[in-house]
Each structure stands twice: as structure tokens, then as C-alpha cells.
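The structure appears right after this line, and notes come after that.
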């Protein structure tokens, strides 16, 4: 099974039409990956869908979403909410 990082990379690359190699932990969605505000909303929704399952529902509030500005911030948020590589 893919790691959280790999899953986040795949989502970001798909939604922002960038190469997965560009989706580094320190990459800023807006500055480095050229996302706009609509792209960010789509990313948040994709993270919620990808990482929710029958046992866990991931919900990212607008306030939390404002703090998710980099790939690592997304991974950290997911980890803090029970998502792991298991």
C-alpha cells in the first residue's frame, strides 16, 4: 500500500497537473506548484475523500485548510488526525 506521502503526491500531481517529482514536502501549493484558491479547495476535498474510510472520516475545516499551505503541512494534518502508513 502507498504511504501517506505517496498518496498526497499523487493527489497533488493529479489536481494541479504537475509532475510528482515536483511535489516535495517543502513545496508550497500556491508559490511552488502554482495552485489558485479553487485548486486549494479541490485539494482539500480530494484529501478528505482519499483518507476517509468506513472507520474514519477526515474533515478539514476552513480554518484548518488555511494552515495547509505546503505538502508537509497536509501530511502533518492528516497524521494528527489519525492517518498513518499502516
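Out of 34, 45, I need the residue that is in a helix (DSSP H, G or I) and more than 15 Å from residue 82 (Cβ to Cβ). Which one?
After ruling out the rest, the residue left standing is 45.
For the range 1-31, enumerate the residues that are touching a helix residue (DSSP H, G or I) at 6+ places or on another chain (Cβ under 8 Å), in a loop (DSSP other than H, G, I, E, B) and at pLDDT 95 or above.
18, 19, 23, 24, 25, 26, 27, 29, 30
Can you tell me how many residues within the range 58-80 are in a loop (DSSP other than H, G, I, E, B), free of Cβ contacts under 8 Å to residues at least 24 places away in the same chain and either under 19 Å from residue 2 (Cβ atoms) or touching a helix residue (DSSP H, G or I) at 6+ places or on another chain (Cβ under 8 Å) (or both)?
2
The values are calculated or read from the model by the stated rules, or taken from the named source; none is laboratory data. Quantities reported herein were computed from a predicted structural model and do not represent experimental measurements. Here Cβ is always computed from backbone atoms with ideal geometry, including for glycine, and neighbour counts include all displayed protein chains.
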